[in-house]
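Colleague: Let me begin by handing over the structure; questions about it come next.
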Amino acid sequence: MSEILQFTVDKFSFTIPTDRLYHPDGLWILERDNRLLVGVTDFFQQNSGDVAFAEVAEPGTAVATGERLANIETIKVDAELTSPVSGTVAEVNEKLELEAEIINQDPYDAGWLVIIEPTAWVTERAALMSPE
């Protein structure tokens, strides 16, 4: 991972790696070998509570920006996460099936959700936020 930004809101501290882009709904996107690794931010997982269940789109599923990508059930909320980009789900994090809590434990590494092969990355990338 690259440099880390940190910020505090009330009594909570959050980390933001600078090597990825961010979606306003609490998702991060890391470009790697023309594919996009997608997960939830530290801010999202801390605000949502302990993850009990995560269901992500199957490999081979075509998604468009704004379409359902995953459902995450926590002690506080049931959240439907929409895709930050268009493309095809190439891989899913199989650890989530038995260890959904890994999202809370390591949201920027082992707790990733899916890998997407993007179809409109150049255009859609501009709509994402920088770490700052």
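The values are calculated or read from the model by the stated rules, or taken from the named source; none is laboratory data. If you're wondering where the values come from, they're calculated on a predicted model, not measured in any experiment. A quick note on method: Cβ atoms are made from the backbone with ideal geometry, for glycine too, and the neighbour counts reach across all protein chains shown. For accessibility, only protein heavy atoms count, side chains too; no ligands or nucleic acids. Shrake-Rupley method; radii C 1.70, N 1.55, O 1.52, S 1.80 Å.
Colleague: When you scan segment 82-106, how many residues do you find that are open to solvent by less than 10 Å² (accessible area, probe 1.4 Å) and touching an Asp or Glu at 6+ places or on another chain (Cβ under 7 Å)?
Modeller: Residues meeting the conditions: 4.
Colleague: Sticking with this structure for a sec: With the checklist (1) free of Cβ contacts under 8 Å to residues at least 40 places away in the same chain; (2) on the phi < 0 side of the Ramachandran plot in hand, flag the one item residue 129 doesn't pass.
Modeller: With respect to (1) free of Cβ contacts under 8 Å to residues at least 40 places away in the same chain; (2) on the phi < 0 side of the Ramachandran plot, residue 129 is out only on (1).
Colleague: Counting only residues that are more than 14 Å from the chain's Cα centre (by Cα) and without any contact (Cβ under 8 Å) to a residue 60 or more places away in the chain, give me the helices (runs of 4 or more DSSP H) lying completely in segment 11-118 with at least 2 of them.
Modeller: 95-98
Colleague: Provide a single number: the residues in segment 1-54 that are over 15 Å from residue 80 (Cα atoms), touching an Asp or Glu at 6+ places or on another chain (Cβ under 7 Å) and open to solvent by 80 Å² or more (accessible area, probe 1.4 Å).
Modeller: Total meeting the criteria: 2.
Colleague: While we're looking at this one, here's another question. Any chance segment 57-77 includes a residue that's touching a Phe, Trp or Tyr at 6+ places or on another chain (Cβ under 6 Å), open to solvent by 10 Å² or more (accessible area, probe 1.4 Å) and of a type in the set (A, V, I, L, M, F, W, C)?
Modeller: no
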